[in-house]
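Peer 1: Mind looking over this structure? Questions follow.
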Amino acid sequence: KKVYNGQPPVTAVNAISFQLNQGAILGLLGPNGSGKTTTIQMLLGTLDKTSGTITYFGKDFSTHRSEVLQNVSFASTYTSLPWILTVAENLEVFGHLYGFSKKMSYQAFEPLLERFGIKDKKHSRVSSLSAGQVTRLMLVKAFFIDPKIVLLDEPTASLDPDIANDICTFLLEQRDKRGVSILFTSHKMAEVMQICDRTIFLKEGEIIAD
């Protein structure tokens, strides 16, 4: 549960409960303001919950945060990476946070850059990339560290249909080949129907269907 103090207080997420199974893609579907991003932020620990418990791998997130986050990654259309650094420099830094050497990082992220058609941008600054290229870079960042769980906050929002479709194909590949568990937020019904094994519908911070 997440409540923002105010007069009156605003409940952004109201005591929702769900489970993400191994190797599954779980959709959080709802309009803007339904609580999708707030839920993702609480699951990442970037926003404190008001009440309730978050558990990963059978461990309480509040007491095992660093350990849990070694196996969890995140991507969103609404975030980016330091623009002054190159694509490779950004990924090197991120890999280091997960204990990857420079060589290990390159071996892991270069095939994904090629998969998304941006390998030729490896030594370009992020500031020179298009919006679609930045989104694909964020997905490379999320997946090259071999996570067990990936949290995706509207990763295809505002993208051309062909790019969005390619991203959905990639997510299915990662689930099927690597058994990654994915939480996927969106407001696009057709997209959620295409890739999600199960869908939770949010409205005004509450689950109205599962």
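Peer 1: Tell me which of these Leu151 doesn't satisfy, since it passes every other one: (1) over 25 Å from Glu110 (Cβ atoms); (2) outside any loop (DSSP other than H, G, I, E, B); (3) open to solvent by less than 50 Å² (accessible area, probe 1.4 Å).
Peer 2: Single failed check for Leu151: (1).
Peer 1: Does at least one position in region 114-127 carry a residue that is at pLDDT 95 or above and under 19 Å from Gly23 (Cβ atoms)?
Peer 2: Checked region 114-127: no residue is at pLDDT 95 or above and under 19 Å from Gly23 (Cβ atoms).
Peer 1: Further question: Among the numbered criteria (1) touching a strand residue (DSSP E or B) at 6+ places or on another chain (Cβ under 9 Å); (2) within 14 Å of Asp153 (Cβ to Cβ), which single criterion is violated by Ser80?
Peer 2: (1)
Peer 1: If Thr185 satisfies all but one of (1) surrounded by 20 or more Cβ atoms within 10 Å (Cβ to Cβ); (2) not in a strand (DSSP E or B), what's the number of the condition it fails?
Peer 2: Going through the list (1) surrounded by 20 or more Cβ atoms within 10 Å (Cβ to Cβ); (2) not in a strand (DSSP E or B), Thr185 breaks only (2).
Peer 1: How many residues, within region 154-179, are surrounded by fewer than 19 Cβ atoms within 10 Å (Cβ to Cβ) and not in a helix (DSSP H, G or I)?
Peer 2: Residues flagged as surrounded by fewer than 19 Cβ atoms within 10 Å (Cβ to Cβ) and not in a helix (DSSP H, G or I) within region 154-179 amount to 5.
Peer 1: Among residues belonging to region 188-210 that are open to solvent by 50 Å² or more (accessible area, probe 1.4 Å), touching a strand residue (DSSP E or B) at 6+ places or on another chain (Cβ under 6 Å) and outside any strand (DSSP E or B), point out the one that is farthest from Lys36 (Cα to Cα).
Peer 2: Filtering first and then ranking leaves Asp197.
Peer 1: Could you please give the count of residues in region 95-145 that are in contact with a Lys or Arg (Cβ under 7 Å, 6 or more places away or on another chain), outside any helix (DSSP H, G or I) and open to solvent by 10 Å² or more (accessible area, probe 1.4 Å)?
Peer 2: 1
Peer 1: I'd like the residue in region 125-143 that is of a type outside the set (A, V, I, L, M, F, W, C) and within 17 Å of the chain's Cα centre (by Cα) and, out of all such residues, is farthest from Asp160 (Cα to Cα).
Peer 2: Applying the filter and picking the extreme gives Lys141.
Peer 1: Could you check, for region 71-88, whether at least one of its residues is of a type in the set (Phe, Trp, Tyr) and open to solvent by less than 70 Å² (accessible area, probe 1.4 Å)?
Peer 2: Checking region 71-88: at least one residue is of a type in the set (Phe, Trp, Tyr) and open to solvent by less than 70 Å² (accessible area, probe 1.4 Å).
Peer 1: For region 1-51, enumerate the residues that are touching a His at 6+ places or on another chain (Cβ under 9 Å) and exposed (fewer than 14 other Cβ atoms within 10 Å of the Cβ).
Peer 2: Passing the criteria: Pro31, Asn32.
Peer 1: Would region 170-184 turn up any residue that is more than 17 Å from the chain's Cα centre (by Cα) and of a type in the set (S, T, N, Q)?
Peer 2: No, every residue in region 170-184 fails to be more than 17 Å from the chain's Cα centre (by Cα) and of a type in the set (S, T, N, Q).
The values are calculated or read from the model by the stated rules, or taken from the named source; none is laboratory data. Bear in mind that the values here come from a model prediction, so they are computed numbers and not experimental data. In this analysis, Cβ positions are derived from the backbone assuming ideal geometry, glycine residues included, and neighbour counts consider all displayed protein chains. Surface areas here come from the heavy atoms of the whole protein model, side chains and all, with no ligands, DNA or RNA. Shrake-Rupley method; radii C 1.70, N 1.55, O 1.52, S 1.80 Å.
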